[in-house]
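What follows is a single structure, written as structure tokens, with notes after it.
The values are calculated or read from the model by the stated rules, or taken from the named source; none is laboratory data. Treat the numbers as computed from the prediction; the structure is a model and nothing was measured. Cβ sites come from the backbone with ideal geometry, for glycine too, and all protein chains shown count toward neighbours. Only protein heavy atoms, including side chains, enter the accessible area calculation; ligands, DNA and RNA are left aside. Shrake-Rupley method; radii C 1.70, N 1.55, O 1.52, S 1.80 Å.
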Amino acid sequence: MIEQTNFGSMPDGSQVTQFCLTNRLGVSVEILDLGGIIRRWLIPNHKQNHTDIVLGYDTVDEYLADDSYLGALVGRYANRIKHGKFSLAGKDYQTDINQGGNCLHGGGQGFNSKVWQCTVLSNSDNPSIMLELTSPDSDQGFPGQISVKVIYTLTEQNRLKIEYFATTDQTTLYNPTNHSYFNLAGHSSGSVANQQIQLLASHYTPTDENAIPTGEISVVDNTPFDFRTPTTINVPLASKHQQIEYANGLDHNLCLDAYTADLKSASYVGKAVAKQSGIELEVYTNMPGIQIFTANHFSNKKGKEDSLYQAHQGVCFETQFYPDTPNQPNFPSATLEAGKDFYSVTEYQVSF
Ligand code: FUC
């Protein structure tokens, strides 16, 4: 079932609509046509009435002022491009610079800040919506007009499937993700430090102090980035490793072992578990990397229902091409050529 409600309006007066997808087991996911934002994700778990497992805001204005991308679809390029510079098909490009001298999440007016065209695809079992957006040539400095589509489907087995499609009229870059901050004990329950994560990743991409990859692909053995067996998040957070100190927590790309260049369907890559609520989240994707980010600089950030979000109150599983790929020839390529169809898929399976 899908219920549509008015969520408010954009500065130009256009309406923002919220689509609430509910399955027969009573799980519901509320998604805005603004930025394809996942605003609430309610789990009818037995320990509490409903647990809302994602961080978010209550108003359009808070989302527009947000620089943390709570719940949003990110594009054209998830994470950073060093100095916003790259060369593609023999030409040099300069994108918008919006964070610390680099391009973050597609520039200052990225896909998260746009109202997408939304169509309901299924209003009964496995509720599903399709969001569409056209980004013109040179938008935020990226080449080519790109037409993108995202399909969100909530299955009757409590799996949220996110499928990304795109085509372009010129060679360009495309690296979409969803930037949900999960807190499986509830969005207002405090730090995720005592929750656990697992990631099937034997390598990660170390960064400099500005979160730009050095270009190395390093083994995770004997580092705080070895999550191959379930690990309490506090273990890496408490580490004195230089990479953790640079970021004030986890803000790193893990290289997923399941990835192969021709992988079309989503493979299991990891999970998060909160013993307090009994909720577990499994992550499946066909993308090569995942940015694990623990909301490291949140401090009294006003969130939904008057919550105040603090550092480490959520954890993001941003499936993606590696950060700064266009400047690192040894990373899997994020180039999309004219006439080629882009497809990627990420699935979040909730158990409770
Ligand atoms: C993640 C991080 C960044 C940034 C952003 C809001 O993707 O990699 O450092 O803070 O989210």
Residue-averaged [θ]222 nm for the chain, counting only DSSP H segments that reach four residues, each worth -39500 (n - 2.57) = -1000 deg cm²/dmol
Residue among ASN183, CYS316, VAL273 farthest towards the positive dipole end of the chain, charges placed on Cβ | VAL273
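Which of rounded, prolate or oblate describes the range 152-237 when judged by the alpha-carbon gyration tensor and an a/c cut-off of 1.5? Walk me through the intermediate numbers first.
On the way: a/c = 2.00, a/b = 1.10, b/c = 1.82.
Note, shape of the range 152-237 comes out oblate.
Are there any trypsin sites (Lys or Arg not before Pro) in the range 60-98 that are in a DSSP loop and have at most 11 other Cβ atoms within 10 Å? List them by number.
Nothing satisfies the criteria.
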Enumerate the residues in the range 183-200 having an amide nitrogen under 15 Å from the point lying 7 Å beyond the Cα of LEU308 toward its Cβ.
-> 188-191
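State in Å² the accessible area per residue of the chain; use a 1.4 Å probe, count heavy atoms of protein chains only, and round to the nearest integer. Working shown, then result.
Values: 13360 Å² over 352 residues.
With the other protein chains kept in place, the chain gives 38 Å² per residue.
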The relative contact order of the range 2-351, taking Cα pairs under 8 Å that sit 6 or more residues apart, comes to a percentage of 17 percent
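Using Cα pairs closer than 8 Å and at least 6 residues apart in sequence, work out the relative contact order for the range 261-303, in percent. Kindly include the intermediate steps, with their values, before the conclusion.
Numbers: 32 pairs, mean separation 14.1, N = 43.
With pairs under 8 Å counted, the relative contact order is 33 percent.
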Probe 1.4 Å, all chains present, heavy atoms only: ARG228 accessible area in Å², nearest 10, is 70 Å²
Roughly speaking, what % of Cα-Cα pairs in the range 2-351 are separated by over 37 Å, rounded to a whole number?
-> 11 percent
For the charge dipole of the chain, defined by +1 on Lys and Arg C-beta atoms and -1 on Asp and Glu C-beta atoms about the Cα centroid, which residue among SER333, ILE197, GLN109 has the Cα displaced farthest towards the positive pole?
-> ILE197
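Work out how much length GLU156 to LEU25 would gain on full extension: take 0.36 nm times their residue separation and subtract the Cα-Cα distance, in nm to one decimal.
Values: separation 131, 0.36 × 131 = 47.16 nm, distance 0.70 nm.
The span from GLU156 to LEU25 would gain 46.5 nm if fully extended.
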In whole Å, what is the distance between the alpha-carbon centres of the range 329-352 and the range 236-281?
-> 17 Å
Sequence-separation-based contact order of the range 62-154, relative, with Cα cut under 8 Å and 6+ spacing, percent = 22 percent
Which FRET efficiency, nearest 0.05, do THR232 and HIS50 yield, Cβ-Cβ r, R0 30 Å?
-> 0.70
The range 1-100 - Debye-derived log10 I(q)/I(0), Cα point model, q = 0.16, 0.21 Å⁻¹ = -0.81, -1.08
Run the 1.4 Å probe and let me know the accessible area of HIS50, rounded to the nearest 10 Å².
-> 100 Å²
Give, in nm to one decimal, the length gained when the segment between SER239 and LYS275 is fully stretched (0.36 nm per residue of separation minus the Cα-Cα distance).
-> 10.7 nm
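Rank CYS118, CYS255 by accessible area, highest first, at a 1.4 Å probe radius?
Values: CYS118 30, CYS255 10 Å².
I get CYS118, CYS255, largest accessible area first.
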Å³ per residue of the Cα convex hull, for the range 52-102?
-> 100 Å³
In the full protein assembly as shown, how much of PHE19 is accessible to a 1.4 Å probe, in Å² to the nearest 10?
-> 10 Å²
From the Cα centre of the range 181-218 to that of the range 24-58, the distance in Å is 22 Å
